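What follows is one structure encoded as structure tokens, with my remarks underneath.
The values are calculated or read from the model by the stated rules, or taken from the named source; none is laboratory data. Fair warning: this is a prediction, and the values are worked out from it, not measured in the lab. Positions of Cβ are generated from backbone atoms using ideal geometry, with glycine treated the same way; all protein chains shown enter the neighbour counts.
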Amino acid sequence: MNIIYKDHNITIFQSVLFQTNSTVVETEDVVLVVDPAWLPDEVMTIKHYVDSVKGGKELFLVFTHSDYDHIIGYKAFSPDKVFMSKAMEDNPNKEVVIEQALSFDEKFYINRPYPIEYPSADFTVFRDGVQFKHGQTKMTFYLTPGHTADSMMLVIWQIGLCIAGDYLCNVEFPFIYHSSIDYEETLEKLPSIHDKNWFTRLIPGHGDPALSIDDWLHRRTESLAYIYALRESISTGIPFDETSLWERYDYPRLQHKYHLDNLKLMTREFEEGLWKWDADLSVSVLNKPDEMQGDGDA
């Protein structure tokens with residue numbers, strides 16, 4: 001398993017499958033493991049590393065969302081606390097997630113030295129700005145639905161780091177499993193999250209970390225541009241420019257399916273009147289009712 005980035009606090013392990021990132025954060029108080037994945041040897045490499053640096057610190061596991069590739073390494077660890085969104089804890093499709101993981105292992109004759117189980121939460125995030133402090137380590141969590149209904153991001157204050165789950169991946173355009181409206185709103189609130197927490201670096205679920213503000217802001221702009229271009233194509237009937245898409249992203253044989261899935265989901269949203277296209281302004285207008293959203297930032 002490759003270590004694609006390492007400094008005093010952060011180690012990013014990247015799987016050979018889908019460039020999936022598993023992040024280990026070390027502070028004076030705690031060792032934090034986010035989304036341990038994929039293959040058993042890779043997960044055990046992460047575990048052995050964690051065991052070598054943990055000492056007397058507590059071990060926390062964080063799951064950014066419930067896609068099976070992000071939870072498959074859960075039972076390799078014995079954490080003191082497990083963090084996830086309330087929506088992930090309440091996921092009505094837990095058995096489906098586990099079946100996907102088991103089917104993956106059977107398909108490739110994979111045996112693991114640990115069982116596959118859906119994570120059990122000790123700390124759940126139910127609104128934006130929820131904080132958890134352990135010693136001098138302060139973490140702030142934000143709900144980020146869109147990719148999935150139960151996605152969340154984590155900001156670790158003292159090291160200026162945001163761990164974003166499957167957003168702002170430089171090897172993927174937005175994969176929208178839940179809602180393009182929620183996805184757009186997640187992207188729109190990222191600058192506000194930054195202003196309240198001042199992170200410079202951002203780690204996505206797949207691909208390279210963004211090591212500067214300019215880098216993750218550029219990825220945000222690209223993600224929004226993809227959503228707007230696909231909405232314009234759906235509403236006007238003008239063909240989407242797939243040639244430019246595949247000039248930007250390197251895996252069309254696989255990713256074409258995800259683009260078609262986005263097209264199907266967003267067409268359904270358009271037909272249901274959840275958004276419309278303003279041709280004069282060349283923007284989409286959301287018809288989602290206003291919702292009360294709390295923010296618990298200190």
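List of remarks:
- Only one of T137, T64 that is of a type in the set (V, I, T), under 25 Å from S15 (Cα atoms) and in contact with an Asp or Glu (Cβ under 7 Å, 6 or more places away or on another chain): T64
- Criterion violated by L59 - all others in (1) surrounded by 20 or more Cβ atoms within 10 Å (Cβ to Cβ); (2) touching a helix residue (DSSP H, G or I) at 6+ places or on another chain (Cβ under 8 Å); (3) assigned to a strand (DSSP E or B); (4) of a type in the set (A, V, I, L, M) satisfied: (1)
- Residue ID - nearest to the chain's Cα centre (by Cα), chosen from residues in the range 171-193 that are part of a loop (DSSP other than H, G, I, E, B) and of a type in the set (V, I, T): I176
- Selection of the range 2-16 for residues being outside any strand (DSSP E or B) and either surrounded by fewer than 18 Cβ atoms within 10 Å (Cβ to Cβ) or out of contact with any helix residue (DSSP H, G or I) (no Cβ under 6 Å at 6 or more places or on another chain) (or both) yields D7, H8, N9, V16.
- Qualifying residue in the range 20-29 (condition: part of a loop (DSSP other than H, G, I, E, B) and touching a Cys at 6+ places or on another chain (Cβ under 9 Å)): no
- Any chance T124 is at pLDDT 95 or above, farther than 20 Å from T11 by Cβ and not assigned by TED's automatic domain parsing to the domain that holds F83: no
- Of the residues making up the range 240-256, those that are free of Cβ contacts under 8 Å to residues at least 60 places away in the same chain and either surrounded by 13 or more Cβ atoms within 10 Å (Cβ to Cβ) or part of a helix (DSSP H, G or I) (or both) number 10.
- The residues on offer are K54, K133, K94, K86, and the sole one that is touching a residue at least 12 places away in the same chain (Cβ under 8 Å) and more than 30 Å from L265 (Cα to Cα) is K54.
- Of everything listed in (1) β-branched (V, I, T); (2) within 27 Å of D35 (Cβ to Cβ); (3) touching a strand residue (DSSP E or B) at 6+ places or on another chain (Cβ under 7 Å), the single unmet condition for T186 is (3).
- Residues in the range 1-26 that are at pLDDT below 95 and in contact with a Ser or Thr (Cβ under 7 Å, 6 or more places away or on another chain): M1 only.
- Restricting the range 198-227 to residues that are in contact with a Gly (Cβ under 8 Å, 6 or more places away or on another chain) and not in a strand (DSSP E or B), the residue that is surrounded by the fewest Cβ atoms within 10 Å (Cβ to Cβ) is W198.
- Selection from the range 117-126 of residues that are surrounded by fewer than 24 Cβ atoms within 10 Å (Cβ to Cβ), among the hydrophobic types (A, V, I, L, M, F, W, C) and either closer than 15 Å to L61 by Cβ or touching a Pro at 6+ places or on another chain (Cβ under 9 Å) (or both): A121, F123
- In the range 257-271, the residues that are in contact (Cβ under 8 Å) with a residue 60 or more places away in the chain reach residues that are in a helix (DSSP H, G or I) and aliphatic (A, V, I, L, M) with C-beta atoms within less than 6 angstrom, at least six apart or across chains, in these pairs: M266/L230; M266/I234.
- Any pair with Cβ under 8 angstrom, 6 or more apart, that starts in the range 111-127 at a residue that is within 14 Å of A37 (Cα to Cα) and ends at one that is in a strand (DSSP E or B): P119/L61; P119/V82; P119/M84
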